[in-house]
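Engineer: Handing you a structure now.
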Amino acid sequence: MRIFSILLAFIMVFFTSCFPASAIDINSEFSSKKIESIHYSFTPNSLEDAQQSNLQQWQSLNKKPLNLGLETRPVWIKFKLNNKLEKPIERILSLDNPLLNSIYLYHFIGPEQLKSEHIGDALPLSSRTIQSESLLVNLTLPANSETIVYLKVNNEAGIGLRVPLTLWQQDSLLAHKSNVNLLYGLLIGFIFSLAVSSLVLFAFSRKHYFAYAGVITLMLSLFLAYLGGFGFRYTPSSIAAFQQLILPMLLMLITVLFLPLQRHVCKPNTSKLLKGQTAITLLYTVIIGFMWLLPTPSMALFTILTIPILLSYHVITTLFYLRKQPTSPNKGLLIALIFFLAIVIHFAIALTGLYTVTRTNLILTFAASLGCSFCLSYTVIKLFILQRDEQVTTQQALIAKSAAHDALLNERIELQERIRQELESQVDERTFELQVTLRELEDKNRELEQLNMEDALTGVKNRRFFDKKIIMEIRRSRREQTPLSIIMLDIDKFKSINDTYGHLTGDQVIRAVCDIIKQQLKRPLDEIARYGGEEFVILLPNTTNQGALAIAEQIREAIENSAVSVAGTTIKFTVSAGVYTHIADDVHNPETFTECADKALYLAKQHGRNQVVNFPIPQ
């Protein structure tokens, strides 16, 4: 067997050396290219050895990415980049396997070294020049040059030596990463949401199968996240290589958790088959506890050899239970197990390097993970619905049996009770309808009263409200011996505004004056009312004459400084005001206040408008 392996290796070396790898040409139309024409070798021990070694000692690879399976030896890779442009350019080299421990990159043009960099998942994220979950290196290519890139890849503590290479133009890489990250986020987010939903249902229902399904689905989402290198962002730098170890551990833990989930879903009877499955799974669980002591490649090899066997046992037993009880949960669990078995088999084939792994192949893993998660969620939800239906059916049967026993004895009582309830229900309905009608009537009366007290154009109180309000305030002024002030305002030359711009514009001016007056009144007891046309009245209880004059002047200045814009035309306007303050002594003549304030307003109009005049008028 050893002689056959040596002979096969010799034949591969001979034939691959006959077809040397070609350089990667970069022109103006270059956006990205997979580097699948390379040379690789395990012989060199240093960079000098790699540079000085004969090309015959290197193996050539064409039209497929490098996948050396579970190889633990460091491998040297070299390839050429040919920049055909008349200017230096920058391109990004992407190693599309984020689960590589250590990569040393050396970039040469002739004997001159252009760049050297050390990256890998054994190093913290902060040490990377381009901080991404992918392994990226920025290369500067001189104009009209042919450069050589040497890579020393060591994955001794990792799982599988797979080195797919791609050269990117920066914008193309950014667009590609955005699309890939979006798809990853949607897929992992959907699976994670299924896991959270199952765990939330477990919290509410206390059904353990929700917990098992939720944990399995959560581990599947973590498996995909670490497989894509995204877990590296959240791994402490002290245990950066943890994501190499977590992948086989997650697969083993998921395999173990399928047993208790199977017991809850299939509800098998005690048998030798069940006992044997339980014993094997418990033994496997104990072995997992000691697997942390093994190197990661050994753990990966143990995983890909044992998990398919145990999963096949799970599938066979589930199929056996399904033949006895062909229920929807059993079918869903069987499909979920088959999906997960497909994930494990694909993972095992990829690790052993039996075929070329590309992003297209990884879609199979993602699709199987999505199918497994969805089937698990369907299984536990369907099981919960069936159990609930069984409980409802049992309860209904008990109720029917009890009702049949009591029907003859309680028939008359039920009839009387039914009649009493109907009468009470009718009385309650009539009472409720009456209450609703009375409440609606009160609301309508309140709305009608409100409409009678408000001016339809401005929304402020109207003349009717003012006539009632001033009587109340006069009584309060007389009772409490406090001054009552009143301000009468009138818009200057309002007829000219109506004649020039129209009545609609005049209405806007009136509303603007009301808004400004309301802004100047700060106290809840101060009231504004539209007295008629363009005339307004303001009631200021417990306000001195100086305070009323100050408020009137503030209102006049605010209106003078304001304007109304209509159809691109700015309209300026002013008001005149008359003020009267008095401590009421005659509650039967409220007209005294309005007459005195109106006289002051008239004098303000006569003396040029846009002013405030106080009553009594000085001689």
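The values are calculated or read from the model by the stated rules, or taken from the named source; none is laboratory data. All figures in this text were calculated on a predicted structure; none of them were measured in a lab. Cβ: placed from backbone, ideal geometry, glycine included. Neighbour counts: every protein chain shown. Each accessible area value is taken on the protein alone, full model and side chains, heavy atoms only, with ligands, DNA and RNA left out. Shrake-Rupley method; radii C 1.70, N 1.55, O 1.52, S 1.80 Å.
Engineer: Which is the longest stretch in the chain that no exposed loop site breaks, taking sites as GluC sites (Glu not before Pro) with a DSSP loop state and at most 15 other Cβ atoms within 10 Å?
Structural biologist: Working: sites that count: E29, E86, E156.
Answer from the scan: 157-619.
Engineer: While we're on this one: Relative to 2.2 N^0.38 Å, what does the C-alpha radius of gyration of segment 568-619 come to as a ratio? Two decimals please. Show your work: numbers first, answer last.
Structural biologist: Working: Rg = 14.2 Å, N = 52, 2.2 N^0.38 = 9.9 Å.
So segment 568-619 has a normalised radius of gyration of 1.44.
Engineer: Moving to a separate point now. Under 14 Å from the Cα of K80, which aspartates and glutamates turn up, not counting those fewer than eight places away in the same chain?
Structural biologist: D25, E36, E146
Engineer: On a 26 Å Cα-Cα criterion, which of the cross-link pairs K495/K605; K33/K115; K267/K382; K468/K572; K177/K331 come out too long? Provide the component values of the computation, followed by the final result.
Structural biologist: Values: K495/K605 14 Å; K33/K115 21 Å; K267/K382 15 Å; K468/K572 34 Å; K177/K331 38 Å.
Violating the 26 Å limit, Cα to Cα: K468/K572; K177/K331.
Engineer: Quick one: of the DSSP bridges fully inside the chain, what percent are antiparallel, nearest 5?
Structural biologist: On the way: 71 of 79 bridges.
Restricted to the chain, the bridges split so that about 90 percent are antiparallel.
Engineer: Can you list, largest first and rounded to whole Å, the semi-axes you get for segment 533-619 by taking the square root of 5 times each eigenvalue of its Cα gyration tensor? Write out the running numbers ahead of the final one.
Structural biologist: Details: eigenvalues 151, 35, 31 Å².
Result for segment 533-619: semi-axes of 27, 13, 12 Å.
Engineer: With every protein chain left in place, what is the accessible area per residue of segment 365-475 in square angstrom, probe 1.4 Å? Intermediate values should be presented prior to the final figure.
Structural biologist: On the way: 8240 Å² over 111 residues.
Here the residues of segment 365-475 average 74 Å² of exposed surface.
Engineer: Okay, moving on. Evaluate 2.2 N^0.38 Å with N set to the residue count of segment 369-525, then give the Cα radius of gyration divided by it. Each step should come with its number before you reach the end.
Structural biologist: On the way: Rg = 35.3 Å, N = 157, 2.2 N^0.38 = 15.0 Å.
That ratio works out to 2.35.
Engineer: Cα convex hull of the chain: how many Å³ per residue?
Structural biologist: Numbers: hull volume 216.8 nm³, N = 619.
Measuring per residue, one finds 350 Å³ for the Cα hull of the chain.
Engineer: With the contact rule set at Cα under 8 Å and sequence spacing of 6 or more, what percent relative contact order holds for the chain? Write down the numbers at each step before the final one.
Structural biologist: On the way: 941 pairs, mean separation 59.3, N = 619.
Once divided by the residue count of the chain, the mean separation gives 10 percent.
Engineer: For segment 31-127, what does the alpha-carbon gyration tensor say about shape, rounded, prolate or oblate, given a ≥ b ≥ c as the root eigenvalues, a/c under 1.5 as rounded, and a/b over b/c as prolate?
Structural biologist: Working: a/c = 1.32, a/b = 1.11, b/c = 1.19.
It is rounded, given that a/c, with a ≥ b ≥ c, falls under 1.5.
Engineer: Ok, one more. Hey, what's the per residue convex hull volume over the C-alpha atoms of segment 171-236, in cubic angstrom?
Structural biologist: Working: hull volume 5.4 nm³, N = 66.
Convex hull volume per residue, Cα atoms: 81 Å³.
Engineer: Once you put a point 7 Å from the Cα of R439 and another 7 Å from the Cα of E560, both along the Cβ direction, what distance in nm separates them?
Structural biologist: Computed distance between label sites R439 and E560 equals 5.4 nm.
Engineer: For segment 336-437, state what percent of all Cα-Cα pairs lands in each successive 5 Å bin, counting from 0 Å until the bin that includes the largest distance.
Structural biologist: 2, 10, 9, 9, 7, 7, 7, 7, 7, 5, 5, 5, 6, 5, 5, 4, 1
Engineer: Would you mind calculating the gained length between A143 and T482 on full extension (0.36 nm times residue separation, minus the Cα-Cα distance), in nm to one decimal?
Structural biologist: Working: separation 339, 0.36 × 339 = 122.04 nm, distance 9.52 nm.
Length gained between A143 and T482: 112.5 nm.
Engineer: In vacuum, with every alpha carbon of segment 479-519 counted as one equal point scatterer, what does the Debye formula give for log10 I(q)/I(0) at q = 0.19, 0.23, 0.33 Å⁻¹? Two decimals, please.
Structural biologist: -0.64, -0.80, -1.11
Engineer: Determine the principal axes of the Cα atoms in segment 476-574, then give the extent along each, sorted from largest to smallest and rounded to whole angstroms.
Structural biologist: 51, 23, 20
Engineer: May I pose another question? How large is the dipole of segment 296-414 about the Cα centre if only Lys and Arg carry +1 and Asp and Glu carry -1, each at its Cβ, rounded to the nearest 20 debye?
Structural biologist: Numbers: 8 positive and 5 negative charges, 81 e Å.
Dipole size: approximately 380 debye.
Engineer: Another one. For segment 486-583, which chymotrypsin sites (Phe, Trp or Tyr not before Pro) are in a loop by DSSP, counting at most 12 other Cβ atoms within 10 Å? Don't jump to the answer; show the numbers that get you there.
Structural biologist: Details: sites: F494, Y501, Y531, F536, F573, Y580; in loops: F573.
Passing sites in segment 486-583 do not exist.
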